[in-house]
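Read the structure below first, then the notes.
Every read-out reported here was derived from the displayed coordinates using simple, explicitly stated rules and does not represent laboratory data. A quick note: this is a predicted structure, and the numbers were derived from the prediction, not measured. When we count neighbours, we look across all protein chains shown, and the Cβ atoms used for this are built from the backbone with ideal geometry, even at glycine.
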Amino acid sequence: MKKNTGKTAKAANGHIRIISGQFKGRKLPVKDVIGLRPTADRVKETVFNWLMNDIRDADVLDCFAGSGGLGFEALSRYANSVTFIEKDKAAAQQLNDNLALLKQLNGKVIHADALGTIERLGKQYDLVFIDPPFRLGLAQLCCQQLIQSDALKPLSLIYVEVESELNDFQAPNDWQLLKEKTAGQVTYRLFQNLHNEVL
């Protein structure tokens, strides 16, 4: 996950750690890409506590994958599949390398800009992670494209992480806010898609 926070990027000292599931404790290499800041372990722990009953057998989309911390955590917890979208070439290659390292054939990396790619995926997802670079308005645009696309299943879950000072983020009207928390510079929310809900 990429964050432009104004601080020097450390890329978690060159690795991310999977905190639970079948790969618990495994460390995966991370490329030292400018602006790439993996989601903190304490945030991941909270998020996956929220999702503990929704990960197994889910089809997952990680829109701004970066280090892949969220997507690999989902794979560790027995997601059916994870699609990683990452614009940076080196980071995308590292995602592929880490999938091979874990021998995970149900992960797929798309080297592309998430914006403009979502509408062409040709697949629907149970869970979507939106954790874009900060201060570029990408979260809002990504949410809009998800609504316009056919990528969301009815009652799918959407995780959105933005900078805490962002006051004008608005989720689509058909998304119900389930959880919300702020940790330092980050505010993260979990929504459920009620668009086209099957009654």
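Quick rundown of the values:
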{"item": "Largest-first ellipsoid semi-axes for the chain, taking √(5λ) over the Cα gyration tensor eigenvalues, angstrom", "result": "23, 19, 16"}
{"item": "Estimated vicinal HN-Hα couplings, Hz - segment 62-76 in sequence order (Karplus 6.51, -1.76, 1.60; Gly, Pro = x)", "result": "10, 6, 10, 5, x, 6, x, x, 6, x, 5, 5, 5, 4, 4"}
{"item": "Label point 7 Å beyond Cα of Gln185 along Cβ direction - residues of segment 134-158 with amide nitrogen under 12 Å", "result": "134-135"}
{"item": "Amide H contacts under 5 Å for Ala183, placed H, 5+ residues apart", "result": "Tyr188"}
{"item": "Charge-dipole axis of the chain as Lys and Arg at +1 and Asp and Glu at -1 on Cβ define it, positive-most pick from Gly107, Gly122, Gly137", "result": "Gly107"}
{"item": "5 angstrom amide H check on Arg26, placed H, neighbours 5+ away", "result": "Ile18"}
{"item": "Links that overshoot a 25 Å alpha carbon limit, given the list Lys103/Lys123; Lys31/Lys181; Lys89/Lys123", "result": "Lys31/Lys181"}
{"item": "Distance from segment 111-127 to segment 136-199 (C-alpha centre basis), Å", "result": "15"}
{"item": "Assigned charges on the beta-carbon of Lys, Arg, Asp, Glu; segment 83-141 dipole about Cα centre (debye)", "result": "100"}
{"item": "Assigned charges on the beta-carbon of Lys, Arg, Asp, Glu; the chain dipole about Cα centre (debye)", "result": "820"}
